[in-house]
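> Quick one: this structure, given as structure tokens, is what I'll be asking you about.
The values are calculated or read from the model by the stated rules, or taken from the named source; none is laboratory data. Here the structure is a predicted model, which is why all the values come from computation and not from measurement. Because the Cβ atoms are built from the backbone with ideal geometry, glycine has one as well, and the counts that use them run over all protein chains shown.
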Amino acid sequence: MQGQRKQAINEKSSQTAGLTVTKEQDFSEWYNQIVEKAELADYAPVHGFMTIRPNGYAIWEAIQKNFDEVIKARGVKNAYFPLLIPESFFKKEQEHAEGFTPEVAWVEKDRQETVERLAIRPTSETIMYDAYSKWIRSWRDLPLRINQWCNIVRWEIKMTKLFLRTREFLWQEGHNVFATPEEAEKDALEMLQEYKKLDEELLAIPVILGVKTEKEKFPGAVNTYAVEAFMPDGKALQMGTTHFLGQNFAKAFGIKFLNKKGEFEFGWQNSWGFSTRLIGGLIMTHSDNKGLVIPPKIAFNKIVIVPILFTDSKEKVLKKARELEKALLEFNPIIDDRENLSPGFKYGEWELKGIPLRIEIGPKDLEKESIMLVRRDTGEKKPVKIPEVKKEVLKSLEEMQSSLFKKAKAFLDSSIVEASTMAELKKIIEGKKMVLAHFCETGECEDNIKAETTAGTRCIPFNQKPSSGKCIRCGKPSKRKILFGKSY
Ligand SMILES: [Zn+2]
């Protein structure tokens, strides 16, 4: 009796634990509540910063582990470069300096000691390339492939959005140097394909690959390539970029090598990166009104086992649940044997936290030597005989992974609409979709379209069928289409 009362009280006080808005009602608040209530991240004492909680960091670790293997197989080595960059380094590459200066945070301590101002890295090209200029001597030192996993700070003024817009975030930045432009550009494009694989196969987020316009490319780059995803609230999210840097930075930093003919030549470079923004994309793409949904491949705890406890059968049921836990150890199962909470309450809590599969086991199941297997994304329930559990778990995890991708892919495909007039473009953007249209690729038209519709250019998608048309804004001839959309 006392136990029952305790249960009622606990559940009542925990009712606030569920989501109080739907994805359809208020997307932004829905997102914030999932991040908070699934315990992924928290606001920090300093405005614009975030604390990544263990549940969120586990997702980052899974991404890191996966991608680290990919880059190491390509001959990339990890290293670590300093957080602080002398101001003079920034000024060496003009476009780069102009592009980043507005959002650089400066360290003011010990000004007299350090003589010049020190920047907290907003990106590490300059500090890394200064080191490269000392390390690279001959063609034998090339290619040089180095990546670092680190934090960066960009002092943005817009409102904070955990994982999506914070002043500090975690990322990887790879910086490779080659002897020829062909190798450097080919490598940048291959890295883009690696990003696509990571996004689609691990995170189950479909992406579009393309090249950025002159206006949108990375400051100091010759070409910027991007993987773009599309979120359910009608905004595009950049999931990673790779840049062909030509010799711009090599000339600015003196990265020279002795070629096979015995002449000095500047190196050819690329760089590539993605950040903890991917976690924001993951949450928005798959989650629902019960809470977090994440693809099984990225989930650390893939199963939660909930034993249904009654006084007379408790021991038997718990024993079986623990046997299952052992048998399924490779999926890092959680066993929820808390006695003061009802099964229904526990189901809700683990759904909120996004555990991909739930196993329910009670006395009636035991009589039939079976359990109930429940999928997080569809809610589908399936009785499974105990000897078959492991096989069925594997099957369900695979099915869930591919069905999340298919669902997101269908959404992406239906969200790209072709337009040939500005009126059409405006209407499609207002309808929360992206527009594919002919475009003259001038900064002037890009600015005008942005001012008139709030949609920017996302990328010029690869693999377009050859077509000729007229720029949607100025009517000048155009040979390829570009993707417009609002963005994060
Ligand atoms: Zn135009």
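> Does at least one position in region 13-27 carry a residue that is more than 30 Å from Leu203 (Cα to Cα), modelled with pLDDT under 90 and exposed (fewer than 12 other Cβ atoms within 10 Å of the Cβ)?
Within region 13-27, one or more residues are more than 30 Å from Leu203 (Cα to Cα), modelled with pLDDT under 90 and exposed (fewer than 12 other Cβ atoms within 10 Å of the Cβ).
> So Thr378 clears everything in (1) free of Cβ contacts under 8 Å to residues at least 12 places away in the same chain; (2) assigned by TED's automatic domain parsing to the domain that holds Glu360 except one condition, right? Which one?
It fails just one condition, (1).
> Taking region 240-286 only, how many residues are without any contact (Cβ under 8 Å) to a residue 60 or more places away in the chain, buried (at least 21 other Cβ atoms within 10 Å of the Cβ) and among the small types (Gly, Ala, Ser)?
Looking only at that region, the number is 1.
> Before we move on, is Glu194 assigned to a helix (DSSP H, G or I) and either outside the structural domain of Glu430 (by TED's automatic domain parsing) or touching a residue at least 12 places away in the same chain (Cβ under 8 Å) (or both)?
When the stated conditions are applied, Glu194 passes them.
> Just to be sure I understand the filter: pairs with C-beta atoms under 8 Å, separated by 6 or more residues or on different chains, first member in region 333-360 and more than 10 Å from Ile305 (Cα to Cα), second member among the basic types (Lys, Arg) and in a helix (DSSP H, G or I). Which pairs pass?
Arg338/Lys346; Asn340/Lys6; Leu352/Lys37
> Please report, ordered by residue number, the strands (runs of 3 or more DSSP E) entirely within region 391-488 with at least 2 residues that are touching a residue at least 12 places away in the same chain (Cβ under 8 Å) and within 16 Å of the ligand (Cβ to nearest atom).
434-438, 456-461, 481-487
> Given the criterion outside the structural domain of Thr166 (by TED's automatic domain parsing) and either on the phi < 0 side of the Ramachandran plot or without any contact (Cβ under 8 Å) to a residue 60 or more places away in the chain (or both), identify the matching residue among Thr20, Thr101.
One residue alone meets the criteria, Thr20.
> Going residue by residue through region 104-118, is there one that turns out to be exposed (fewer than 13 other Cβ atoms within 10 Å of the Cβ) and within 30 Å of Gly262 (Cα to Cα)?
no
> Could you run through region 208-225 and say how many residues are assigned to a loop (DSSP other than H, G, I, E, B) and free of Cβ contacts under 8 Å to residues at least 60 places away in the same chain?
3
> Does Asp199 satisfy the condition of being touching a Leu at 6+ places or on another chain (Cβ under 9 Å), in the same structural domain as Phe81 (by TED's automatic domain parsing) and at pLDDT 95 or above?
It is true that Asp199 is touching a Leu at 6+ places or on another chain (Cβ under 9 Å), in the same structural domain as Phe81 (by TED's automatic domain parsing) and at pLDDT 95 or above.
> Can you work out which of the residues in region 122-160 that are out of contact with any Asp or Glu (no Cβ under 8 Å at 6 or more places or on another chain) and at pLDDT below 95 is surrounded by the most Cβ atoms within 10 Å (Cβ to Cβ)?
Thr160
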